[in-house]
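The numbers here are math on the coordinates, done by the rules we state, and not lab data. What you see is a predicted model, and the numbers here were worked out from it, not measured in a lab. Cβ atoms come from the backbone with ideal geometry, glycine included; neighbour counts cover every protein chain shown.
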Amino acid sequence: MKVTEYFGKAQDNTLISFEILPPLKGGRMQDIFKILDPLMEFKPPFVDVTYHREEFLYKQNPAGFYEKVAIRKRPGTVGICAAIMNRYGVDAVPHLLCGGFTREQTEDALIDLNFLNVQNVLALRGDARQFESKFEPEAGGHHYALDLVKQIKDMNEGKYLDSNIENGLQTEFCIGIAGYPEKHFEAPNMEFDLTWTKAKVDAGADYIVTQMFFDNKNYFAYVDACRKAGINVPIVPGLKPITKQYQLNSIPRHFFINLPEALVKEFSKAITPEARAQIGVEWCTEQSKELKAAGVPCLHYYTMGDSAIIRKIVESVY
Ligand code: FAD
């Protein structure tokens, strides 16, 4: 079923969903089940599975020269989606990137997903690779998520890259996109960012999932700004508990977001790792309760492989 159909059926009830990462190469499907098994009692209608573009690394060969090699550390998104749907009977939402795909490869990936009965995708651009100063698309690939949304929408209308195909199978993908309550880091301002978010919605995106945020005011202000800009699709808040000392620096650095002073102060006062984790759990629990009370369509948790922490939060909220 489509993500937006779940929202429609739930009416004013707030749903719950989880995002997982494929295991590192060499890992097993059991690694994923270990994370999801303890979370399935909360009945998420869908689970997102992230996609990871290959990175270029420099490796020394036996002759002593450095060679550039492409390594994908977390392959397997499509297979994992199929396994999740089969084991739990819930929908899986694969993330699909512009980066690393030509238009033809994108089309093939969508055909595979459609044959696997995957009905939802989160359409994203992806980030610059290590050692690249800015995002570089694959030759013949898309520059922006907007172009990816357009390609998916075309397939939903039976239009394929090969213009000789007439009456092509119309896929029925429900299309999610990313949203940034603290704006995307490359956008010069929020208005600019929202212009392109609106363009994606006008091109066919059905719902938005936000980047994580730690101050609900940012989410509420973002939803208001979207509505004023004419963006009227559901906006799902993405949530992640901060549980470790190093995340005070790594989360703002990687995700270009702010941590509220009150959270940082509380965190810095805690002496043990357990006390820090507890502060993060309580903070995320309070965020979740307020968002649920405000009637958001769904609380979307970035599990980052730690279901025990997510369980604690969800148990207190539902
Ligand atoms: P875009 O919508 O293409 O926007 C990128 C920037 O360009 C923005 O600043 C925007 O304002 C601007 N822009 C957009 N369109 C245009 C245009 N036509 N002309 C000029 N400027 C434009 N990354 C992964 O690698 N794998 C994942 O699985 C993954 N999952 C994610 C899930 C969520 C919920 C979120 C919020 C992010 C995720 N990301 C993931 C990260 C994402 O790939 C990055 O944030 C990336 O930098 C931007 O992706 P986007 O789809 O928002 O890009």
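Quick notes
- Overall, segment 3-317 carries a charge dipole of about 860 debye about its Cα centre when +1 sits on the Cβ of Lys and Arg and -1 on the Cβ of Asp and Glu, all other atoms neutral.
- Where chymotrypsin sites (Phe, Trp or Tyr not before Pro) fall in DSSP loop in segment 204-249, at most 10 other Cβ within 10 Å: TYR246
- Multiplying each eigenvalue of the alpha-carbon gyration tensor of the chain by 5 and taking the square root yields semi-axes of 30, 25, 21 Å, largest first, rounded to whole angstroms.
- Dipole size of segment 83-163 about its Cα centre, with +1 on Lys/Arg Cβ and -1 on Asp/Glu Cβ: approximately 240 debye, rounded to the nearest 20.
- Footprinting exposure proxy for TRP283, TRP196 (fewest neighbouring C-beta atoms within 10 Å first): TRP196, TRP283
- Look at the dipole of segment 1-128 built from charges on Cβ: of ASN117, ILE35, VAL49, the Cα furthest out on the positive end belongs to ILE35.
- When the alpha-carbon atoms of segment 53-137 are used, the pair Rg, Dmax equals 16.1, 52 angstrom.
- The chymotrypsin sites (Phe, Trp or Tyr not before Pro) found in segment 5-66 that occupy coil by DSSP, while having at most 10 further C-beta atoms within 10 Å, are PHE65.
- Summarised in one figure, the compactness ratio Rg/Rh of segment 210-281, Cα atoms and Kirkwood Rh, is 1.06.
- Within segment 180-243, GluC sites (Glu not before Pro) in DSSP loop having at most 14 other beta-carbon neighbours inside 10 Å: GLU186
- Taking Cβ atoms as reference points and 14 Å as the exclusive limit, the residues near GLY79 contribute a net charge of +3, counting Lys and Arg as +1 and Asp and Glu as -1.
- Alpha-carbon centroids, segment 111-158 and segment 251-316: separation in whole Å: 30 Å
- Too-long pairs where the Cα-Cα distance tops 32 Å, listed order kept, from LYS9/LYS153; LYS134/LYS312; LYS68/LYS198; LYS2/LYS312; LYS34/LYS183: LYS134/LYS312; LYS68/LYS198; LYS34/LYS183
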